[in-house]
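J.: Sharing a structure with you now.
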Amino acid sequence: MDQINQQDSSTVSTGIRTAAFSVHIFTALGAGIALIALLEAVREHWAAMFWWLGAALAIDALDGPLARRLDVARLQPNWSGDVLDLVVDFVTYVFVPAYAITASGLLLPTTAALLGVGIATSGALYFADRRMKSADNHFRGFPGLWNVAAFYLFLLHPPLAVSSLAAAALIAATFLPFHVLHPMRVVRLRWLTLSLIAIWAVLAANALANDFDVGAWIKIVLCAIAIYVVASDAAIRVLRSTKA
């Protein structure tokens with residue numbers, strides 16, 4: 001009887017460990033999706049590329065809560081979820097978007113390759129920076145969200161000089177000590193943040209479904225939400241200092 005109980009316990013333990021490792025597989029799947037996104041970018045199927053990058057973004061949003069729920073760090077100590085997450089994030093947030101921005105004709109031809117190198121290099125340095133997040137879970141500096149930056153360049157399609165200056169400014173902003181809202185982890189005004197992110201997702205999906213051919217009001221709302229994410233922390237700090 002004791003032997004049977006031990007066998008049952010072993011089976012359960014193996015099942016739990018397998019479930020925990022499946023979270024690592026789920027995270028790593030983002031790298032495979034990044035490859036598909038890159039193939040679409042090479043074919044200049046830009047909207048399709050963003051759909052795949054959106055799928056990778058969804059995986060990134062889900063794998064953390066799953067890992068914590070299944071206690072992956074304890075059950076699979078030989079595999080670093082943090083390192084895996086950073087590797088996948090680099091290719092989905094930085095590398096594939098860097099190619100798209102460089103190859104899409106949105107930048108001045110004389111600056112495109114140099115800015116592409118700058119995006120990839122600054123993104124790699126950012127993901128290696130141990131100070132990338134503040135104690136209250138804000139990002140420090142521009143958080144390497146080149147997938148989002150690329151989306152706005154395709155959506156707004158500004159003049160080439162403006163796009164090039166914007167890319168250069170974001171590269172520099174990677175190293176500046178300002179705080180950017182983490183939509184999922186910052187507690188302050190989380191209800192508002194999550195509501196705006198849900199609206200953003202719907203409108204962004206609409207833009208992709210229409211190959212970025214959408215009305216001005218959609219572009220205005222999408223830009224307003226981006227401004228909220230980037231500038232809300234600074235605005236709150238200014239208001240607090242004014243009251244003090």
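J.: Percent of accessible area on the chain owned by carbon and sulfur, 1.4 Å probe? Present the calculation step by step, with values, prior to reporting the outcome.
T.: Numbers: 9420 of 13660 Å².
Answer for the chain: carbon and sulfur cover 69 percent of the accessible area.
J.: Tell me, what is the per residue accessible area of the chain in Å², probe radius 1.4 Å? All intermediate terms of the calculation are to be shown ahead of the outcome.
T.: Working: 13660 Å² over 244 residues.
Accessible area per residue: 56 Å².
J.: Which distance in nm do the two modelled labels at T121 and S134 give, with both placed 7 Å along the Cα-to-Cβ direction?
T.: 2.9 nm
J.: Here is a follow-up. Would you mind telling me which residue in L53, L170, L194 has the biggest mean-square fluctuation in a Gaussian network model of the chain, where springs connect alpha carbons within a distance under 10 angstrom?
T.: Largest GNM mean-square fluctuation: L194.
J.: Can you work out ³J(HN,Hα) from phi for every residue in region 145-153, in order, using Karplus 6.51 cos²θ - 1.76 cosθ + 1.60 and θ = phi - 60°, giving whole Hz and x for Gly and Pro?
T.: Residue by residue, region 145-153 yields 8, 6, 5, 6, 4, 4, 4, 5, 5 Hz.
J.: At a 1.4 Å probe radius, which order do F212, F95 fall into by accessible area, largest first? Could you put the intermediate results ahead of the total?
T.: Working: F212 20, F95 105 Å².
From most accessible down to least: F95, F212.
J.: Which whole-angstrom value gives the distance between the alpha carbon centres of region 183-207 and region 148-170?
T.: About 22 Å separates the Cα centre of region 183-207 from the one of region 148-170.
J.: Treating the beta-carbon of each Lys and Arg as +1 and of each Asp and Glu as -1, no other charges, what is the dipole magnitude of the chain about its Cα centre, to the nearest 20 debye? Before the final figure, lay out the partial values.
T.: Values: 16 positive and 15 negative charges, 189 e Å.
Roughly 900 debye for the chain.
The values are calculated or read from the model by the stated rules, or taken from the named source; none is laboratory data. Worth saying up front: this structure is predicted, and the values here are computed from it rather than measured. Neighbour counts run over all protein chains shown; Cβ positions are idealised from the backbone, glycine included. Only protein heavy atoms, including side chains, enter the accessible area calculation; ligands, DNA and RNA are left aside. Shrake-Rupley method; radii C 1.70, N 1.55, O 1.52, S 1.80 Å.
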